[in-house]
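All remarks here apply to the structure that follows.
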Amino acid sequence: MKQGPGRSKPTSILLIEDIPSLQLIYRTVLQGAGHEIRVASTAAEGMAAFAETPPQVVLLDLGLPDKDGLDLMRDMLTLRPQTRVIVITANGSINRAVEAMRAGAHEFLVKPFDEGRFLGAVDHALIPVPPGKPATREPATRLPTAAPVRPFLGSSEAMQRIHAKITSVASSMATVFITGESGTGKELCALAVHGSSARAKGPFIALNCGAIPHDLLESEVFGHVKGSFTGAISDRPGAATAADGGTLFLDEVCEMAPTLQTKLLRFLQTSTVLPVGSNKPQKVNVRIICATNRDPLDAVRRGQFREDLYYRLFVIPIHMPPLRDRGDDVIEIAESALDQFSKEEGRHFHGLSREVTELFRHLPWPGNVRQVLNVIRNVVVLNEGGMVMQSMLPGDLAAEAGLVPMHVAPILRGTAAPEIDGLLGLPLSEVERIIVMATLARHGGSVPKAARVLELSPSTLYRKLEGWAKATAS
Amino acid sequence: MSGATIRSQDFDEKRFAGLLELAGPDTALELVERLEDDLRAVEAALSVVARTADMPTLQAQSHVLLGVAGTIGANRLFELAKGLNDVAHVAGSPFPGAMLVKTEVALARVIARIHAARTQLTRAP
């Protein structure tokens with residue numbers, strides 16, 4: 001493995017490319033643009049470098065000599081889901097690129113090398129993720145599933161209402177529109193509707209409309225015939241055909257390109273699909289469930305989503321509540337995941353310690369259930385077993401999730417909005433501390449949100465919090 | 001195998017020069033050395049494939065050619081490599097012997113061009 005010359009700060013880009021000349025070109029271009037990179041020539045080298053210092057962005061060639069590039073990407077995303085992986089692929093393997101996007105790649109670049117596209121993709125991948133948003137795309141399409149991968153957990157009052165609604169809509173053919181923040185379990189809800197319906201034995205096809213390039217989306221939904229575009233080397237059925245007799249789940253439906261919205265509307269009206277390059281419509285019998293983490297009506301108002309399509313789809317709405325509004329569901333989900341992941345990884349964990357349970361209850365979990373699962377997966381992979389202690393939690397849990405650092409959480413709890421009379425007579429530094437803590441409490445412990453309101457940079461706010469935490473501890 | 005002068009439509013000299021400029025004086029020689037080594041390795045592997053008709057190796061080597069040829073502006077080699085790669089990806093395809101021969105000829109010409117650049121850079125003060 002080679003490193004960029006004069007490396008003085010932690011690198012954030014890992015390049016995994018086995019062809020020495022291309023490796024040199026990529027490295028030269030990246031260094032010329034001011035990026036610091038590490039380079040690996042094999043999957044084994046790449047994984048070792050990834051584990052040693054997790055990079056923010058991985059540039060990954062799919063054709064590695066010692067391991068399939070997609071398998072390597074999956075391993076990396078399992079270990080650190082927030083990593084952004086840019087897949088580099090040869091022109092003839094466009095289908096592999098689509099497969100990569102399905103598996104969670106951030107972006108793919110098709111060879112030959114183009115400096116502008118290359119640097120643009122890297123710059124885009126290095127843009128920080130807003131708090132509460134998942135860094136990595138969800139896989140775009142999934143194979144047919146007969147039953148939920150994980151049970152649809154949660155016994156809170158909010159979830160009991162969801163369960164009741166699912167039961168009542170399952171027997172209908174009506175379109176279900178699921179809304180909710182990222183990571184709240186919209187796909188599990190869709191699976192539960194499908195699994196409770198008369199179509200349960202049919203396929204469940206999930207398609208993430210936001211994870212596939214617009215020019216490939218039509219082919220993904222409706223399929224294509226051989227020769228209809230470069231890379232279409234054989235006939236391929238689309239998601240709508242694959243879901244015949246079952247359910248088609250369109251996730252992130254508001255991200256669908258306007259031209260495809262028109263075709264989706266026609267599909268809903270006629271129940272026929274027309275593969276790209278074909279002139280023979282095919283009749284299919286599909287129930288549609290769609291989901292978005294945006295306000296769909298707002299997307300209509302902004303002209304980003306067709307109004308007629310909205311009314312065609314928004315028949316039975318289900319809103320998935322955020323985890324912070326679900327009481328002790330977070331503990332139930334964490335314990336279930338701990339049990340499941342321990343079995344998968346061959347580890348022996350006994351449960352969550354009291355301090356971790358308490359901490360989990362108080363974290364606002366902006367990434368919702370997905371964030372909990374990632375935290376538990378991280379704990380299970382990186383520790384041998386026993387009781388899950390606070391020291392086993394990812395060190396960057398607080399910072400990455402936009403949460404208050406753990407050692408600050410105890411001094412934040414119970415912070416009430418200050419009355420002006422109570423502040424009079426206090427030293428200015430103490431007034432500042434009270435105002436900051438009250439602002440944090442008002443924004444669910446989110447440092448970035450509080451920082452915005454206070455017109456401070458998040459790093460300044462973190463520094464202040466650490467200082468106060470140290471003072472409190474001493 | 002022919003190492004005759006490469007035709008202008010088959011090799012984008014402007015793109016190749018831009019690449020050397022991008023590498024800069026400190027790295028340009030290393031770049032052409034690596035390019036020549038990579039292409040000679042493919043050349044050797046393809047000569048084995050021509051005898052064995054081993055499709056997985058053809059797939060892997062045409063993948064390398066696609067990346068390198070496209071990047072340096074070797075247009076004809078890129079198109080031929082693309083054809084080989086497409087065929088190698090389709091299960092049950094007949095072995096593309098004729099296309100492979102054409103690719104080997106084009107590859108030899110590109111290697112000769114890269115070698116000339118290498119010689120020129122080695123002599124440069």
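The order of the peptides A:388-394, B:39-45 by mean Cβ neighbours within 10 Å, most packed first, is B:39-45, A:388-394. The H on the amide N of residue A:349, modeled in the peptide plane, is under 5 Å from the matching H of A:386, each at least 5 residues off or on a different chain.
Shape call for region A:16-55 from the C-alpha gyration tensor, a ≥ b ≥ c root eigenvalues: rounded (a/c under 1.5), prolate (a/b greater than b/c) or oblate? Don't skip to the answer; put the middle values down first.
Details: a/c = 4.47, a/b = 1.32, b/c = 3.39.
The shape class here is oblate.
Shielding by partners for B:67-76, please: the mean number of other protein chain Cβ atoms within 10 Å of each residue's Cβ.
5
Label positions at residue A:358 and residue B:112, each projected 7 Å from the Cα along the C-beta direction, are separated by 8.0 nm.
If a/c stays under 1.5 just call it rounded; otherwise compare a/b with b/c (prolate if a/b is bigger, oblate if not). Do that for region A:349-397, with a ≥ b ≥ c from the square roots of the Cα gyration tensor eigenvalues. Present the calculation step by step, with values, prior to reporting the outcome.
On the way: a/c = 1.87, a/b = 1.29, b/c = 1.44.
Because a/c hits 1.5 or more and a/b fails to exceed b/c, region A:349-397 counts as oblate.
Adding -39500 (n - 2.57) for every DSSP H run of four residues or longer, then dividing by how many residues chain B holds, sets the calculated 222 nm ellipticity at -28500 deg cm²/dmol. For region A:330-370 versus region B:28-64, the inter-centroid distance based on Cα atoms is 50 Å. Within 10 Å of the Cβ of each residue in B:81-90, the mean number of Cβ atoms contributed by other protein chains is 4.
Using the structure shown, list the pairs from A:186/A:343; A:280/B:102; A:67/A:343; A:449/A:470; A:67/A:111; A:111/B:102 with a Cα-Cα distance above 28 Å, or answer none.
Working: A:186/A:343 25 Å; A:280/B:102 39 Å; A:67/A:343 25 Å; A:449/A:470 23 Å; A:67/A:111 20 Å; A:111/B:102 21 Å.
As for pairs spanning more than 28 Å Cα to Cα, those are A:280/B:102.
FYI, it's all coordinate maths here, none of it is from the lab. Just so we're clear, the structure is a prediction, and the values are computed from it rather than from any experiment. When we count neighbours, we look across all protein chains shown, and the Cβ atoms used for this are built from the backbone with ideal geometry, even at glycine.
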